[in-house]
Amino acid sequence: MNTLYTDILIIGAGAAGMAAVLAAEKKGYQKILLAERKETPGGVLLQCTHRGFGLGYFREDLTGIEYADRFRRMLEKSCAKILNRTMVLQLYQDRTALLAGKDGLTRVCFEKCIMATGCRERTIQSLPVGGTRPSGIMTCGTAQKLMNIDKLEIGDEIVILGTGDVGQIVARDLIKKGRKVLAMIEQNDVPGGLKRNQEQCLKAFSIPVMLKTQITGICGSGRIEGVIVRHLDTEAEEFLPCRTLLTAIGMIPEREAAGKLLEGASLPDWFYLVGNCDYVHDIVDSVTADAFKLESVL
Amino acid sequence: MKRTSDVLIIGAGILGCFAARSLSRYALEINVIEKREDVCCGITKANTGIIYRGYDQHPGSLKAALCKKASDHFPSLCEELDIPYRKTGLLMLSFGPRADRVFQKKMEQGKENNIPDIQILDESQVYQMEPLLCDGIRSALYAENTYTVNPWEMGIAAYENAMSNQVHFYFGQEAMRIARMDTGFLVETKDHTYTASRLICCAGLTADTVWEMLSKPSVKILPLAADYLVFDRSVGDSISHVISVEPEEKGDGITLVPTVDGNILAGPTRRSIKDPAHCTAAASGCCTAAPGSETAADVGGILELQQKCQKLIPSLSPSMIIRSFGAVRPNPYYAEPDGTLSQKSINDFQILEEDGFFALIGIKTPGITCADELGRYLAQRLIGSLEHKPPLNPSFSPSRKGILRLSDLLRDDPGLTANLPQSAPADYFEIICRCEHISKGEVLEAIRRGATTIDGIKRRTGAGMGRCQGGYCMEKILHLLKEQTGKDVYEITKDGPGSEILIKL
Ligand SMILES: Cc1cc2nc3c(=O)[nH]c(=O)nc-3n(C[C@H](O)[C@H](O)[C@H](O)COP(=O)(O)OP(=O)(O)OC[C@H]3O[C@@H](n4cnc5c(N)ncnc54)[C@H](O)[C@@H]3O)c2cc1C
Ligand SMILES: Cc1cc2nc3c(=O)[nH]c(=O)nc-3n(C[C@H](O)[C@H](O)[C@H](O)COP(=O)(O)OP(=O)(O)OC[C@H]3O[C@@H](n4cnc5c(N)ncnc54)[C@H](O)[C@@H]3O)c2cc1C
């Protein structure tokens with residue numbers, strides 16, 4: 001197994017990880033290693049073809065991809081060594097990490113580690129939902145990746161569970177592509193998401209929202225044929241036929257690689273969490289800002 | 001097309017696969033037909049997966065005999081077929097006098113069944129073994145030699161071994177009509193006919209229907225439903241034994257299983273399958289599989305399990321649930337020729353035989369435990385029914401190797417000096433499933449071994465079983481399946497025709 005030595009190991013090359021590289025470099029570190037499990041840096045930004053990024057940091061209305069590109073260019077000029085297609089499997093107390101990737105298995109010994117691994121989406125399987133488990137059900141993030149990066153179609157006659165920003169943006173993407181979004185299901189009495197998205201998605205595209213409702217059942221053998229929707233006020237249930245179900249029911253910081261490090265009362269003094277793996281940010285500019293703050297604490 | 005063999009097996013669940021493997025010890029032509037796209041998609045994929053010791057089987061029954069033998073031999077079977085398993089032991093908990101009395105009876109039954117390795121533990125011993133259990137436990141019946149397993153992994157192991165011993169499996173082949181001929185049987189599927197001198201029905205939930213394609217009703221299956229929950233691996237060490245409650249009141253029972261993958265499986269509930277006619281979805285007429293139909297989970301059942309789990313282990317929060325699913329029990333009843341059914345469901349294993357037609361009908365718990373023994377038993381009876389005992393299969397090998405797992409290698413040897421496959425070692429470090437650390441090499445090997453669907457890969461590698469439930473790996477696996485099978489990405493399914501993952505307009 002290869003062994004690499006570095007001053008700083010940064011895990012994840014999304015908005016947070018890329019800005020963390022710049023912060024560390026500014027602080028004067030010269031040996032910086034950035035590990036990213038995907039083919040290129042960018043993170044979730046790369047699947048965002050819509051605008052609404054960078055108003056804070058660049059004072060421009062960029063797409064996610066454009067925002068990522070600006071940082072990728074800065075990254076190219078930096079001294080950081082970037083390992084793409086390499087996943088950090090595990091961090092250890094003795095300041096080493098185990099990495100797996102196209103080059104095989106690598107051990108990294110480091111002084112400090114910044115975890116910028118983003119978040120994963122909650123799934124409908126974790127909710128008390130009855131019925132069958134057919135195909136045609138996925139999270140909005142997966143759908144967005146399939147549509148915008150792989151350029152694939154996911155299906156039609158869509159119901160979306162959850163009205164947060166991600167759900168609304170994916171709904172708009174789908175409608176623009178000529179797909180039918182039959183309903184968005186929301187348990188609260190108002191839709192979620194930023195005002196901006198409510199205006200530009202829900203209102204602008206007249207997306208039907210069913211407030212104070214939940215999905216309690218899934219129907220269909222083979223591909224999904226419909227969902228059972230419960231109205232929280234009346235407790236009445238209705239069958240809503242659909243052929244695709246997307247979910248946008250929240251994000252959970254992804255910190256698996258840290259394992260036991262997180263068990264103590266406080267984090268080790270050489271370990272930092274930043275971006276969506278610290279807490280879930282609505283706006284990328286605040287991710288970038290948080291990462292730049294690392295300069296003063298590193 | 002016509003396919004001829006000495007033996008034809010209908011159904012490739014765990015029982016069909018082990019029956020095929022047992023028979024492959026003999027120089028016989030064996031065909032297996034399965035209506036689904038893969039093995040182990042029926043009852044075998046959704047059950048509790050406990051290898052029972054068999055102390056509480058009715059003394060003198062076939063179940064008691066087979067279960068003890070099976071549990072004695074289980075570690076060596078797993079060695080032979082390279083099946084991952086976990087020796088957990090089983091703690092059956094008592095919260096009151098009724099359970100204490102039941103335990104006394106079970107101890108005696110254990111003696112009668114020649115199972116001396118069970119004991120009653122007192123309260124302090126139980127809490128020492130399982131410190132997170134709730135208060136109020138009086139005692140426990142402990143069966144040390146209890147194991148847990150992924151049942152489909154067992155079935156797949158038997159399938160692969162049977163194949164390497166020249167058994168042929170045909171998928172997408174539903175037996176629709178059976179006729180008796182001078183020389184044996186003729187079975188028709190939608191596009192093929194099969195002939196064989198001996199016929200075995202291992203058709204799980206529809207075994208009775210298949211039996212009645214040729215013979216008079218004898219045993220009928222009235223299915224009963226069940227629900228399960230799966231907890232995240234991060235709370236997997238909340239228990240280290242199978243925990244089961246002997247309830248003071250009917251319906252209060254529950255079982256928690258530490259799985260091979262390090263999760264906790266909770267269940268099963270016990271409920272009738274709702275008449276689909278009463279269901280909102282079916283009533284509207286637009287849906288073929290509504291909640292309440294077979295294999296559908298029930299919200300009520302899921303919530304009931306959540307509550308029971310948290311009562312039993314207060315620290316086990318419902319927020320750690322990663323999945324729930326439904327299951328179906330093949331409950332057998334005796335049927336009179338006029339169609340009336342016996343009052344009580346049949347407890348012992350039913351193996352029907354009529355002039356060369358054998359059937360396993362309504363094999364419920366402990367069918368996983370006894371799969372190998374049932375296969376051997378069936379093979380013996382079938383061989384005994386032949387005019388001439390066939391010679392042994394000269395090339396039979398009882399062993400099979402499972403797919404090498406990166407996560408196992410890392411657990412055993414984080415320095416990873418172990419022997420990786422020479423062919424494409426780089427594949428073994430490209431992670432496809434982020435939650436379970438399953439590599440591209442494993443997925444490619446699963447495809448090589450016959451997986452054609454997302455679920456087929458999940459059952460063979462575990463990819464998609466973790467907390468993100470395929471959110472990360474599904475897309476990667478789609479591409480690998482496309483590349484390897486040459487299929488269009490829009491043809492790739494979750495679990496067979498009609499379950500396409502992506503739909504192009
Ligand atoms: C659909 C959607 C729409 C959005 N819309 C907007 C918007 O309009 N405007 C706006 O300002 N913000 C928006 N955001 C929010 C913003 O894009 C994100 O908050 C931000 O990009 C998150 O950055 P991150 O670096 O924390 O996480 P990520 O971008 O998720 O980056 C994490 C990176 O770490 C990698 N990684 C994870 N684990 C490992 C490991 N173990 N080893 C190696 N690599 C690993 C991942 O592959 C990934 O590249 C949106 C987000 C989404 C999902
Ligand atoms: C809720 C529950 C919990 C259980 N827990 C345990 C446990 O902890 N331990 C234990 O030992 N046992 C347990 N069992 C029992 C065990 O799961 C079963 O005994 C076993 O899985 C039965 O396997 P099978 O091969 O008969 O059925 P299946 O796996 O259903 O296989 C039958 C196959 O036949 C195919 N088929 C059907 N009709 C046709 C046709 N006409 N033509 C072609 N193919 C056909 C089906 O597609 C299917 O693949 C449990 C069972 C249930 C339901």
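The values are calculated or read from the model by the stated rules, or taken from the named source; none is laboratory data. Since we're looking at a predicted model, the values are computed, not measured. Cβ atoms come from the backbone with ideal geometry, glycine included; neighbour counts cover every protein chain shown. The protein model used for the area step is the full one, side chains on, heavy atoms only, and it has no ligands, DNA or RNA in it. Shrake-Rupley method; radii C 1.70, N 1.55, O 1.52, S 1.80 Å.
Go ahead and collect, in residue order, the members of region B:80-103 whose backbone nitrogen is under 19 Å from a label point 7 Å along the Cα-Cβ direction of B:Ser399.
B:80-85
Report the residues of region A:201-234 in range of a label on B:Arg271: point 7 Å along Cα→C-beta, backbone N strictly under 18 Å from it.
Output list for this probe position: A:214-220, A:227-231.
Using a simple spin-label model with points 7 Å from Cα along the Cα→Cβ vector, what separation in nm is obtained for A:Tyr279 and B:Ala426?
Simple spin-label model gives 4.3 nm for this pair.
For region A:123-249, give me the percentage of DSSP beta bridges that are antiparallel, rounded to the nearest 5 percent.
Of those bridges, close to 40 percent are antiparallel.
Does chain B come out rounded, prolate or oblate, given a ≥ b ≥ c as the square roots of the eigenvalues of its C-alpha gyration tensor, rounded meaning a/c under 1.5 and, failing that, prolate meaning a/b above b/c?
The shape class here is rounded.
Which trypsin sites (Lys or Arg not before Pro) does region B:141-198 hold that lie in a coil by DSSP with at most 12 other beta carbons within 10 Å?
Taking region B:141-198 and a limit of 12 other Cβ atoms within 10 Å, the loop trypsin sites (Lys or Arg not before Pro) found are B:Lys190.
Is it possible to state the helix-based mean residue ellipticity at 222 nm for chain A, with each DSSP H run of 4+ residues giving -39500 (n - 2.57), the sum divided by total residues, to the nearest 500 deg cm²/dmol? What is it?
Here the helix-only value at 222 nm equals -6000 deg cm²/dmol.
How about A:Lys26: which lysines have a C-alpha closer than 23 Å to its C-alpha, ignoring those fewer than 8 places off in the same chain?
Straight-distance partners of A:Lys26: A:Lys77, A:Lys81, A:Lys112, A:Lys293.
Among DSSP beta bridges lying fully in chain B, give the percent that are antiparallel, nearest 5.
So the antiparallel bridges in chain B amount to around 70 percent.
Which percent, to the nearest 5, of DSSP beta bridges fully inside the protein assembly as shown are antiparallel?
60 percent
Between A:Lys77 and A:Phe271, how many nm apart are label points set 7 Å from Cα along the C-beta direction?
3.5 nm
Relative contact order for chain B: what is it in percent, counting Cα pairs under 8 Å that are at least 6 residues apart?
Reported relative contact order: 19 percent.
Mind running the shape call on the protein assembly as shown? Use the C-alpha gyration tensor, a ≥ b ≥ c as the square roots of the eigenvalues: rounded below 1.5 for a/c, prolate if a/b tops b/c, oblate otherwise.
Cα axes put the protein assembly as shown in the prolate bin.
Using Cα pairs closer than 8 Å and at least 6 residues apart in sequence, work out the relative contact order for chain A, in percent.
23 percent
Taking the Cα-to-Cβ direction at A:Leu55 and at B:Ile120 and moving 7 Å from each Cα, how far apart do the two end points lie in nm?
Label at A:Leu55, label at B:Ile120, 7.1 nm between them.
Over all residues in B:426-435, what is the mean tally of Cβ atoms on other chains that come within 10 Å of each residue's Cβ?
Whole-number average of other-chain Cβ neighbours for B:426-435 is 5.
Can you work out the FRET efficiency for the pair A:Asp150 and B:Gln380, with r the C-beta to C-beta distance and R0 = 41 Å, to the nearest 0.05?
0.15
Report, in whole Å, the centroid distance computed from the Cα atoms of region A:264-298 and region A:3-31.
Using only Cα atoms to place each centre, the spacing works out to 13 Å.
Between chains A and B, what is the buried accessible area in Å², counting both sides, with a 1.4 Å probe and ligands, DNA and RNA left out, to the nearest 100?
Approximately 4300 Å² gets buried when A meets B.
Taking Cα centroids, how far is region A:127-206 from region B:344-363 in Å?
When both Cα centres are located, 50 Å separates them.
Just checking the output field for B:462-474: average partner chain Cβ neighbours within 10 Å of each residue's Cβ?
Counting other chains' Cβ atoms within 10 Å and averaging over B:462-474 gives 5.
Using alpha carbons only, how many degrees (0 to 90, rounded to 10) separate the axis of helix A:64-77 from the longest principal axis of chain A?
Value to nearest ten degrees: 10.
Would you kindly state how much longer the chain becomes between B:Glu188 and B:Lys482 on full extension, computed as 0.36 nm times their sequence separation minus their alpha carbon distance, in nm to one decimal?
102.7 nm
Compute the Cα gyration tensor for region A:123-249, then decide on rounded, prolate or oblate, letting a ≥ b ≥ c be the square roots of its eigenvalues: rounded whenever a/c is under 1.5, prolate when a/b is larger than b/c in the other cases, and oblate in all that remain.
oblate
By a straight-distance test (C-alpha under 24 Å), which lysines pair with B:Lys69 as possible cross-link partners, with residues fewer than eight away in the same chain excluded?
Partners found: B:Lys45, B:Lys87, B:Lys105, B:Lys106, B:Lys111, B:Lys364, B:Lys401.
For A:Lys260, which aspartates and glutamates qualify as cross-link partners when the Cα separation must be under 13 Å and same-chain residues fewer than eight apart are set aside?
A:Asp94
Counting only helical runs of four or more DSSP H residues, what would the 222 nm mean residue ellipticity of chain B come to if each run contributes -39,500 (n - 2.57) and the total is spread over all its residues?
-8500 deg cm²/dmol
Quick one: Cα centre-to-centre distance for region B:186-244 and region B:435-505, in angstrom?
When both Cα centres are located, 24 Å separates them.
Name the longest site-free stretch of chain A, where the excluded sites are GluC sites (Glu not before Pro) in a DSSP loop with no more than 14 other beta-carbon atoms within 10 Å.
Within chain A, the longest run free of exposed GluC sites (Glu not before Pro) spans A:61-234.
Relative to the longest principal axis of the C-alpha atoms of chain A, give the angle of the C-alpha long axis of helix A:165-176, reported between 0 and 90° and rounded to the nearest 10°.
60 degrees
If contacts are Cα pairs under 8 angstrom and at least 6 residues apart, what is the relative contact order of region A:123-249 in percent?
Computed over region A:123-249, the figure is 35 percent.
Please work out the FRET efficiency for the pair A:Thr234 and B:Glu387, using the Cβ-Cβ distance as r and a Förster radius of 51 Å; give the result to the nearest 0.05.
0.15
At 1.4 Å probe size, with the rest of the protein present, what percent of the exposed accessible area of region A:162-218 is carbon and sulfur atoms?
Summing carbon and sulfur atoms, their accessible area is 53 percent of the total for region A:162-218.
Once R0 is set to 51 Å, what does the formula 1/(1 + (r/R0)^6) return for the Cβ-Cβ distance between B:Tyr170 and B:Asp135, expressed as a FRET efficiency to the nearest 0.05?
The value I calculate is 0.40.
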